[in-house]
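Inspection log for the structure reproduced underneath, given as structure tokens.
FYI, it's all coordinate maths here, none of it is from the lab. Source: prediction; values computed, not measured. Methodologically, a virtual Cβ is constructed for each residue, glycine included, from the backbone with ideal geometry; neighbour enumeration extends over all protein chains shown.
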Amino acid sequence: MKFKDVFILFVILVLFFGAACTSGKELVLQSPDGNKEVRIILNEKGQLFYQLKGYQQQIILASQLGLTGNINFGKALSLENVERKQFSEVWKPVWGPNNSIGNRYNELSLTIQNQKKYLLKLHVRLFNDGLGFRYEIPRQSGLDSIIIRKELTEFNIAQNGTAWSIPANFDSYEMLYRTTGISEVADANTPVTFKTDKGIYLSIHEANLTDYAGMTLKNIGGTNFEVNLVPWPDGVKVRLKDSLLSPWRTITISKNAAGLVESNLIQNLNDPCVLDAADWIEPMKYIGIWWGMHLGIETWTMGPKHGATTENMKRYIDFAADHHINAVLAEGWNTGWENWGKPKAFDQTTAYADFDIPEIVRYAKAKGVELIGHHETGGDYLYYEERMEKAFQQLHEQGIRVVKTGYAGPIPNGQHHHGQKMVQHYRKVVKMAAKYHLMVDAHEPIKATGISRTYPNMMTREGARGMEWNGWSAGNPPEHHVILPFTRCLGGPIDYTPGTFDILYKNRGKYRKWNSNDKGNSRVNTTLAKQLALWVCLYSPLQMASDMISNYKDQPAFQFFKDLPADFEASKVLAAEIGDYFAVARRKGDNWYIGAITDENAREITLDLSFLKEKTKYKASIYADDENTRLKDNPTAIKIMQRVVDCHTKLSVKMKKSGGQAIEIEEIKE
Ligand code: NOJ
Ligand code: CA
């Protein structure tokens with residue numbers, strides 16, 4: 001696989017002003033297609049603002065910019081210098097829903113001086129599909145410590161409309177989305193997505209979150225939001241030695257919901273791959289000893305119901321080998337689970353006595369199956385940092401290429417999961433993992449901000465209310481899955497772990513309640529066909545079939561997962577409305593894979609297959625809700641059919657309540 005960005009069409013330095021400017025200035029930047037315009041304004045008080053127009057209307061009204069702390073870049077600023085450039089490239093990611101990404105923007109970089117003669121740079125990039133801007137405090141004499149107490153950035157949305165948001169939270173993204181008026185959003189984590197009353201879709205997020213605090217938004221009146229950074233225990237937001245480069249603040253803009261999903265703005269605002277080689281990085285499909293614990297049938301701890309035993313692992317390895325699944329995960333393989341919740345609980349270097357690693361490694365190798373290591377930390381990143389390198393070294397020596405991490409518990413010393421300290425930690429893990437040729441699947445992670453472009457071993461992450469919640473709570477509601485593609489997933493791949501086949505837990509038998517959210521009414525609130533479709537809709541380069549393998553036995557519908565590639569070459573959104581429905585087609589070689597899903601409403605949508613090659617016939621294998629499928633009491637009824645399709649086909653897709661459809665389209669070779 002290629003790892004280097006295929007690079008540089010042209011970079012032109014268009015203009016350079018050396019002269020100092022006084023305040024009361026306006027600078028205008030247009031997108032390459034001329035459709036959007038950002039205006040940077042320095043008012044008479046020397047305060048900095050921006051405004052954004054697109055599709056012949058105001059999108060963001062005058063919104064403040066700046067940083068304050070031990071240096072004040074909030075007022076009395078003057079403009080020192082302006083640089084402009086145009087940039088265009090096509091780059092090739094190591095993996096992803098598309099194998100080629102266009103990156104074209106116009107850029108404005110301002111150098112600004114405050115009253116005390118300290119310099120701040122503001123970099124602004126306007127793309128056809130949105131805006132990115134970031135702050136830089138360059139190294140300069142007299143500056144040997146930077147403390148940010150407040151980022152002044154605002155997003156003053158021009159009209160009210162609908163918002164899909166989760167509340168701002170410094171430690172978790174595992175919440176249900178609220179659909180409200182924009183002005184009703186008191187605070188939010190990002191990505192947060194809006195549809196204005198004038199029909200413009202926008203999503204606010206950040207790109208390349210590196211050595212800075214995570215961003216949340218706070219409503220400061222009407223439809224105006226200001227940045228509220230996740231604090232250190234003493235209230236400081238960001239502390240750095242002598243220079244600062246903030247993440248990009250991003251606004252993705254589209255005239256339709258599909259455009260948000262198809263945008264590559266977030267990755268484009270990240271740096272190219274820095275790894276020397278990436279040939280060891282490979283997307284995979286996996287199964288694992290996992291769901292049994294969430295259902296309370298098995299335990300992470302050693303004992304009579306222990307899930308991660310040598311014997312059980314061999315069953316999973318056999319299943320993976322028989323069904324051409326790349327890898328197997330085991331949770332609860334190492335000592336410490338009995339101390340979950342206490343400090344220094346987990347030892348990621350020592351296996352339980354009934355998990356014979358050398359034997360499992362030998363067995364998996366003989367069967368051509370990969371193993372996925374698991375490092376739960378309980379949130380104790382400090383203790384993990386002590387053991388991490390040794391633990392990674394061990395995995396590497398065992399020939400293991402993937403590690404799933406977890407931070408299920410509070411962060412020590414009053415730090416937050418999403419604060420600067422943990423942003424540093426999560427990056428440390430990714431870099432150390434790269435050293436030992438490990439791909440990372442992070443749970444309870446820092447949000448996805450596109451850093452996989454730079455570190456393509458950062459494969460996938462949770463950072464959303466995933467499948468696990470269905471095991472021990474009333475479950476994720478039907479609309480959750482048709483909001484995720486337009487919110488959380490805009491940041492990057494998600495390890496949602498779809499694939500429950502025993503939807504009503506008929507095979508659960510006796511279980512032990514282990515989670516306080518469990519009110520005895522747990523279930524998966526979808527049909528089986530929707531579970532299959534989620535494997536396509538919720539893109540992940542490590543994609544899990546998450547049910548216990550016993551529930552896949554003799555299930556014809558499992559064929560869809562067997563046939564599904566672990567990665568794709570091109571993706572196309574076929575139908576999309578936030579919170580209602582989503583259909584996407586992904587291509588690998590000559591074949592296409594479609595996932596279509598709906599919310600709590602049954603619906604029929606028509607998919608236009610004009611993206612198929614002309615004069616070519618294809619065999620479509622369709623996995624659909626059938627006449628008898630009922631979310632409430634018969635969600636597993638599924639109809640599997642085949643038909644011939646071509647580029648003229650208009651495919652009618654009927655979905656029951658919280659239903660879906662999964663389709664494999666294979667070229668018929670003459
Ligand atoms: C939470 C993770 O999201 C889940 O996948 C994992 O099984 C548990 N923590 C235990 O590590
Ligand atoms: Ca989780």
From the list Met293, Met284, which one is within 16 Å of ligand 1 (Cβ to nearest atom) and not charged (D, E, K, R)? Met293
Out of (1) of a type outside the set (Phe, Trp, Tyr); (2) under 17 Å from the mean Cα position of the chain (by Cα); (3) crowded, with 17+ Cβ neighbours inside 10 Å, the one Leu176 does not meet is (3)
State which residue is farthest from Asp271 (Cα to Cα) when the search covers only the range 444-454 and only residues that are under 11 Å from the mean Cα position of the chain (by Cα) and within 14 Å of ligand 2 (Cβ to nearest atom). Pro445
Enumeration of residues in the range 582-608 that are farther than 11 Å from Val653 by Cβ and touching an Asp or Glu at 6+ places or on another chain (Cβ under 9 Å): Arg586, Arg587, Lys588, Gly589, Asp590, Asn591, Trp592, Tyr593, Asp599, Glu600, Asn601, Ala602
With respect to Phe155, is the statement that it is farther than 24 Å from Glu479 by Cβ and in contact with a helix residue (DSSP H, G or I) (Cβ under 8 Å, 6 or more places away or on another chain) true? no
Tally, over the range 455-472, of residues that are more than 12 Å from ligand 2 (Cβ to nearest atom) and either farther than 16 Å from Met544 by Cβ or of a type in the set (Phe, Trp, Tyr) (or both): 4
Set Tyr381, Tyr436: member being free of Cβ contacts under 8 Å to residues at least 60 places away in the same chain and within 16 Å of ligand 1 (Cβ to nearest atom): Tyr381
Filtering the range 384-413 down to residues that are within 16 Å of ligand 1 (Cβ to nearest atom), of a type in the set (Gly, Ala, Ser) and out of contact with any Asp or Glu (no Cβ under 6 Å at 6 or more places or on another chain) yields Ala391, Gly409
Give the residues of the range 459-472 that are buried (at least 24 other Cβ atoms within 10 Å of the Cβ), hydrophobic (A, V, I, L, M, F, W, C) and in contact with a Lys or Arg (Cβ under 9 Å, 6 or more places away or on another chain), sorted by residue number. Ala464
Does the range 337-355 contain at least one residue that is part of a helix (DSSP H, G or I) and within 21 Å of Leu542 (Cα to Cα)? no
Starting from residues that are within 16 Å of ligand 2 (Cβ to nearest atom) and part of a loop (DSSP other than H, G, I, E, B), keep the ones in the range 269-315 and report whichever is nearest to Gly132 (Cα to Cα). Trp290
